[in-house]
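Encoded as structure tokens, the structure appears first; notes follow it.
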Amino acid sequence: MNRRRSLKILGGTAVGIAGLVLADWKWQLLDGMNHSGFFTVKEEKLISAIADTIIPEGLPPNTPSPDAKPIGALSTGTDVYLMKLFEHCYSKEDQDQIKVQLAALDSHAGSKLAKSFYKLPQENRESLLLSLASSENEGDREFFDLMKSETITGFTTVKEVMVGYRNYKVAPGYYHGCVDLPAQT
């Protein structure tokens, strides 16, 4: 293969990758501007960060399979479950309270650590959530308990956890059709 052809291929590949990165950035920007979900983009990122803080990526204890892959709240879609749950199953007052608490958590992170909650490292997010659990304010404690319990419920009821780690079977016992039976005389 000659050098000019190799350089053309490498140059084309670099331009293609740069174009894909630019296109992805453009779509993320457009999605942020035209977002039509119940939660804002920032609130969705906060919910995802809370779920990831409560159940980070890793292997569950007592993993039955040695070749099991690490799972967490984000890889199982628990954050999406939380968003749908809060949007469709909670009353308007509870939804408003959740949004207020998300904004308060983010502003507390901003005032204390000068970053948004979802941009903080795991240790800082954990300390902020634990401060909610031990807060004097009853609303903060209720918000922490709600997020923790619903995240655990969402995570432990997904297929990956139920089948892969708890050995759940939809129907215990099996149907064996056309089985030879011994003849009775």
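Within the set Asp79, Asp106, the sole residue that is in contact with a Phe, Trp or Tyr (Cβ under 8 Å, 6 or more places away or on another chain) and touching a residue at least 24 places away in the same chain (Cβ under 8 Å) turns out to be Asp106.
Are there any helices (runs of 4 or more DSSP H) wholly within region 101-165 with 3 or more residues that are farther than 20 Å from Met83 by Cα and at pLDDT 90 or above, and if so which?
Passing ranges, in order: 122-133.
Quick grid of which residues meet (1) surrounded by 12 or more Cβ atoms within 10 Å (Cβ to Cβ); (2) polar (S, T, N, Q); (3) outside the structural domain of Leu74 (by TED's automatic domain parsing):
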| residue | (1), (2), (3) |
| --- | --- |
| Tyr90 | yes, no, no |
| Leu105 | yes, no, no |
| Leu113 | yes, no, no |
| Tyr118 | yes, no, no |
| Pro121 | no, no, no |
| Ser134 | no, yes, no |
| Asn137 | no, yes, no |
| Arg141 | yes, no, no |
| Asp145 | yes, no, no |
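So for region 43-55 (the condition being surrounded by 20 or more Cβ atoms within 10 Å (Cβ to Cβ) and modelled with pLDDT under 90), does at least one residue qualify? Within region 43-55 (the criterion being surrounded by 20 or more Cβ atoms within 10 Å (Cβ to Cβ) and modelled with pLDDT under 90), the answer is no, since none of the residues qualifies. Just name the residue that is farthest from Ile98 (Cα to Cα) out of those in region 147-160 that are buried (at least 17 other Cβ atoms within 10 Å of the Cβ) and of a type in the set (Val, Ile, Thr). Applying the filter and picking the extreme gives Val158.
Can Ser127 be described as hydroxyl-bearing (Ser, Thr, Tyr), touching a residue at least 12 places away in the same chain (Cβ under 8 Å) and more than 25 Å from Lys69 (Cα to Cα)? The answer is no for Ser127.
The values are calculated or read from the model by the stated rules, or taken from the named source; none is laboratory data. No experiment lies behind these values; they were computed from the predicted model shown. Counting neighbours? That spans all protein chains shown, and the Cβs are built from the backbone with ideal geometry, glycine included.
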